[in-house]
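Report on the structure given below.
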Amino acid sequence: MLSLIVFLPALVAAALSVLPARLGPSVFTGAWTATGLVQLALVGAVWADLPATGYGAVERREWIPSAGISYHLGVDGLSLPLLALTVVLFTATALYSWRQSDRPKDFVLLFLLLQTVSGGLFVSLDLILFFLFFDLSIVFMYFVIAGWGTGAPAREAALTFFLYTFLGSLALLVGFILLALAADTPTFDIPTLAARNPLAGGGTYAALTLLAIGVGLGVKTPVFPLHTWLPPAHTEAPAAGSAILAGILLKMGTYGFVRIAMPLLPASWRQFALAFVIVGVLSVIWGALVALAQEDLKRMIAYTSVNHMGYVLLGLGAAGMVSADSEHARELATTGAVYQMVSHGLITAALFLLAGALHDRGHSYAISAYGGLATRIPRFAALFAVAAFASLGLPGFSGFIAEFQIFAGALDAVPLSTVIAVTGVLLTAALFLRATSRMLTGRFRVPDTPGTPRPFPDLRAPELLAIGPLLLLATLLGLLPRLVLDVIEPAARTLNDLVAR
Amino acid sequence: MDTSMHSDPIALAPEIALLISAVLGLLVGAWTPRRRQWIVHALAALACVAGLAATVVSATRPDETVFGTYVLDTATHATRAIVLLAVLALIALCRDTVAGHKRETEFVVLLQLGALGAIALAGAGDLIMLFAAFLLASVPLYALAGWAKQGSATEAALKYYLAGALLGVTTAAGVTVLFGVAGATGYGRVAEGISRGPAAAAAVGLIAVLAGLAFKAGAVPAHFWVPDVSDGTPPPVAAALTTVPKIGALVALHRLLGTAIPPDVVDWRLLVAVLATASMTLGNLAAFAQSSVLRLLGYSTVSQVGYLLMAVAVAGQAPLARPALLLYLAAYALTNIAAFAVVASTDQRTLDAYRGLFRRDPLLALALAVALLGLVGTPPTGVFVGKLEVFTAAVDGGLAWLVVVAAVNTVASLFYYLRWIAPCFHPAGSADSDRPADEGAPRTANRWARGVALTSAALSLLLGLASGVVLTAVGAAG
């Protein structure tokens, strides 16, 4: 079942690759959208069958037995929400790209492959399989940015992205090797390693392993100060690429923490929990402050990603601060962190797609170039305002639930850090309110560059169909959080038990 | 002496098949008109297939030493298989270049003799045998380097020959010193003898032999011939010279260090680790600035040897070292041949010429991307699994710092491989190279090379996916 979900896009891509490119964009994007909808139904079936504890829909086959590597897939409450997020975001991106005019065939094939590796990463239960998808996501995203970005700067940004994240992935690989060799019989199997807990004693070896894995995941997340690849990559990538990069690829980093770093290196995680908290808080504050100073809409959204991922790390770090009566608080923090991954995925993808829609019309990302958009393109303005409010953590949206849980869970263990991190929410609120008021209110103003089409139309049906559901989901998860919390909470409890042992 | 010496020539069937077909090929070629020289190719291919079959049969037998000097174990069998497969690919690859050429037969015969030398290097379990194999793997390839008789090829051949002659003498001297110290030439007795003899003399002898094997492998500090040979000769020749002898030399090095030189007498582990570091780093640094793809590939092979040497550095220390080395060698051979085959197929030597390749020939561009990303070590290609195993073996053998160096180098190498891959997929730059003259021309002219490129790129992917089976095969006796 999971294999089918993961490889369905790749199969569709293989089938589409024999079709001639001149068939036009709708054939390819249509097939892409259909793939997403089928995947969505399949994920729904998996969701319905998810067992209360342990992994669901497990598949395991020998791959490289002599090295302890197997093809091992499975989902639990930590990975299933992210798998669902992957499918939802790719389907939304497919709808958004309905009118893709620049080499639609190659574009769709590349995204379908990206869809396969993204889904595959979240259901991998083997470190090498995880690494395989992790690395391939970088390769495919590189081609998206370099191929559909904006000329020479895009190639440079793509190269920076590739080099940075590739360095991270190799650090990750070194960490995985250290982990596998720590077991009596080398194995890369995640549940086996979690059960055996070979590095339960901590020590230098375990600390170095955590450092390698932490750096690898930290680059991808990204956390301060490993985030410098992110703004140029986002600025130069096409809107669909940015949405996937921020919505899915960043989650690969944070998901790696909950799937690998915490359960497989519990002793070291507890030992260095404060370091992760501090890195998280630094990312929160730095991301928010730098975002505040941006004049470029996309760069601003990119930096808020650094800010939002910081909360995740704060929550996960706090979950490592084990004390006698902290069980409930730690569960809140972990659950909030996972919730934040889903929430941020939905909201940021919506923001990037909106920014892309604006760029299609005005050919500029400069915030100062726009004004009074609410009067001329109300649908855009409404969605943008909703997305901005959702992103700044207004109650009623999913971001609020996530951040509230993280703060509530972390306050007891790390009060000072939590208080500092809360100011990050204020900064984000300020920057989104500023951007919203500058762009949406006042006198109508759009960039007056040559090549700007005269009409400045409102959002079209495909764009509405892509962005609307994302924000609806973000609202739904804000109003009815139990839908997802019921799935996350048991898994978060299991994770905390693994960390605390 | 070894009284139970086994001297069954049948055990050497793959080697004999290569030798007979080389000699027969030379005779047949001399009496065949130029347009029917393909018979020699067919004969050589047949010999390779027969050799592969014989290898499979002999691999089922227990390990043994024949003629007292030649070891038949998993490493030798694997080397036979890899080299014979590589020769098969190279024979197909060279068709476009050599068909109808006046020295067509010579190419095939020299290639086969060089391959025979490479296999013999891998099997050598005796110092004298090692040196004989070294010569057999060198002399035919000097001639092959000069095969094209262009100005640059002659220069490359001369450089290759001079380096080889110098380091051949060092190797002979080293063999003599080791013999003097140990009082024996068989690896087992050498190990005993060295433990009793003066360690300093043994170290000098070992370094001298290492220099010769480093030359064959194209490793630092004996790598100076690599870029000239890969850039100065036709791509099929370059592919042969940077693939075939490397396989033999690295397995020979692994065997020599793992069985004949006890690391507690001469600490060669650090020495090899330093050579590995130097190879990968210098190879990468030099590759950065290249504008000729062949020169870039040449330096890339130098850096690849660095990664391969990591497995040699932990020979005998980590049980995974040998299977890792063999798997990496197989993957490297396939991937390297694929990359050179793309160059042979397009006949373009500058990076700029690859701009927009994806538009002109999507499959070839994809094969190039698979090959180059494979050389970086991107999963799920064969080199990735090879690298993973080598890294694991190195950490297991206590050389974690070397793994960090290799990881950093891998990232650095990505930079120059991307300089080649990225333009292939650029739509913008293809406008000027999109002339009708270019369109389709490489496809029809060099279809053999194109076929080899696509096949070996696909095989390198397959090797990664099926690496479980391969590792079980090469790790069975490990």
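The values are calculated or read from the model by the stated rules, or taken from the named source; none is laboratory data. Keep in mind that what you see is a predicted model, and the values were worked out from it rather than measured. Ideal geometry is used to build each Cβ from the backbone, glycine not excepted, and the neighbour counts take in all protein chains shown.
Okay, residues lined up against (1) under 22 Å from the mean Cα position of the chain (by Cα); (2) under 30 Å from residue A:319 (Cβ atoms); (3) hydrophobic (A, V, I, L, M, F, W, C):
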position	(1), (2), (3)
A:351	yes, yes, yes
A:357	yes, no, yes
A:368	no, no, no
A:373	no, no, yes
A:380	no, no, yes
A:383	yes, no, yes
A:402	yes, yes, yes
A:407	yes, yes, yes
Residue check, residue B:271 in contact (Cβ under 8 Å) with a residue 12 or more places away in the chain, surrounded by 23 or more Cβ atoms within 10 Å (Cβ to Cβ) and either on the phi < 0 side of the Ramachandran plot or among the hydrophobic types (A, V, I, L, M, F, W, C) (or both): no
Of all residues in the stretch A:1-49 being more than 14 Å from residue A:86 (Cα to Cα), of a type in the set (S, T, N, Q) and out of contact with any Phe, Trp or Tyr (no Cβ under 6 Å at 6 or more places or on another chain), the one that is modelled with the highest pLDDT: A:3
Qualifying residue in the stretch A:90-102 (condition: part of a loop (DSSP other than H, G, I, E, B), within 14 Å of another protein chain (Cβ to nearest Cβ), polar (S, T, N, Q) and loosely packed, with under 14 Cβ neighbours inside 10 Å): yes
Positions within the stretch A:371-389 being buried (at least 24 other Cβ atoms within 10 Å of the Cβ) and in contact (Cβ under 8 Å) with a residue 60 or more places away in the chain, in sequence order: A:373, A:380, A:387
Any chance residue B:316 is more than 13 Å from chain A (Cβ to nearest Cβ), without any contact (Cβ under 8 Å) to a residue 60 or more places away in the chain and not aliphatic (A, V, I, L, M): yes
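In the stretch A:10-35, which residues are outside any helix (DSSP H, G or I) and closer than 19 Å to residue A:116 by Cβ?
A:18, A:19, listed by residue number.
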Selected residue (only one of A:247, A:218 is under 23 Å from residue A:85 (Cα atoms), out of contact with any Ser or Thr (no Cβ under 9 Å at 6 or more places or on another chain) and of a type in the set (Gly, Ala, Ser)): A:218
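So which of A:38, A:12, A:46 is buried (at least 18 other Cβ atoms within 10 Å of the Cβ) and under 23 Å from the mean Cα position of the chain (by Cα)?
A:46
Mind counting the residues in the stretch A:130-143 that are over 15 Å from residue A:113 (Cβ atoms) and facing another protein chain (nearest Cβ under 9 Å)?
Qualifying residue count for the region: 1.
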Residues within the stretch B:164-197 that are in contact (Cβ under 8 Å) with a residue 60 or more places away in the chain, surrounded by fewer than 19 Cβ atoms within 10 Å (Cβ to Cβ) and either in contact with a Leu (Cβ under 6 Å, 6 or more places away or on another chain) or of a type in the set (A, V, I, L, M) (or both), tallied: 1
Helices (runs of 4 or more DSSP H) within the stretch B:286-396 that include 1 or more residues touching a strand residue (DSSP E or B) at 6+ places or on another chain (Cβ under 8 Å): B:293-313, B:382-396
Qualifying position, being within 22 Å of the chain's Cα centre (by Cα), surrounded by 23 or more Cβ atoms within 10 Å (Cβ to Cβ) and within 8 Å of chain B (Cβ to nearest Cβ), among A:173, A:163: A:173
Test result for residue B:141, surrounded by 24 or more Cβ atoms within 10 Å (Cβ to Cβ) and within 23 Å of residue B:14 (Cβ to Cβ): yes
The one condition in (1) in a helix (DSSP H, G or I); (2) at pLDDT below 90; (3) more than 12 Å from chain B (Cβ to nearest Cβ) that residue A:233 fails to fulfil: (2)
Matching residues, the stretch A:412-449, being within 12 Å of residue A:285 (Cβ to Cβ), β-branched (Val, Ile, Thr) and touching a residue at least 40 places away in the same chain (Cβ under 8 Å): A:420, A:423, A:428
Some residue of the stretch B:408-426 being farther than 28 Å from residue A:156 by Cα and more than 9 Å from chain A (Cβ to nearest Cβ): no
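Could you tell me which of the residues A:364, A:398, A:368 is among the hydroxyl-bearing types (Ser, Thr, Tyr) and closer than 19 Å to residue A:471 by Cβ?
After applying the criteria, what remains is A:398.
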Only one of A:154, A:146 that is modelled with pLDDT under 95, more than 10 Å from chain B (Cβ to nearest Cβ) and in a helix (DSSP H, G or I): A:154
Qualifying residue in the stretch A:460-473 (condition: closer than 20 Å to residue A:287 by Cα and either within 22 Å of the chain's Cα centre (by Cα) or not in a loop (DSSP other than H, G, I, E, B) (or both)): no
Residues located in the stretch B:135-152, provided they are assigned to a helix (DSSP H, G or I) and within 20 Å of the chain's Cα centre (by Cα): B:135, B:136, B:137, B:138, B:139, B:140, B:141, B:142, B:143, B:144, B:145
Filter pass, residue A:419 being in a helix (DSSP H, G or I) and surrounded by fewer than 21 Cβ atoms within 10 Å (Cβ to Cβ): yes
Qualifying helices (runs of 4 or more DSSP H) (wholly inside the stretch B:39-134; at least 1 residues being of a type in the set (D, E, K, R) and farther than 13 Å from residue B:25 by Cβ): B:74-93, B:95-98
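Just name the residue that is nearest to residue A:72 (Cα to Cα) out of those in the stretch A:177-208 that are at the interface with chain B (Cβ under 9 Å from one of its Cβ atoms), part of a helix (DSSP H, G or I) and touching a residue at least 24 places away in the same chain (Cβ under 8 Å).
A:180
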Some residue of the stretch A:44-51 being away from chain B (no Cβ under 14 Å), of a type outside the set (A, V, I, L, M, F, W, C) and not in a helix (DSSP H, G or I): yes
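Conditions tested, residue by residue: (1) touching a Cys at 6+ places or on another chain (Cβ under 6 Å); (2) buried (at least 21 other Cβ atoms within 10 Å of the Cβ); (3) under 22 Å from residue A:68 (Cα atoms); (4) modelled with pLDDT under 90.
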site: B:409; (1), (2), (3), (4): no, yes, no, no
site: B:413; (1), (2), (3), (4): no, yes, no, no
site: B:429; (1), (2), (3), (4): no, no, no, yes
site: B:435; (1), (2), (3), (4): no, no, no, yes
site: B:450; (1), (2), (3), (4): no, yes, no, no
site: B:471; (1), (2), (3), (4): no, yes, yes, yes
One residue from A:21, A:67, A:84 being over 21 Å from residue A:188 (Cβ atoms) and either within 14 Å of chain B (Cβ to nearest Cβ) or out of contact with any helix residue (DSSP H, G or I) (no Cβ under 6 Å at 6 or more places or on another chain) (or both): A:21
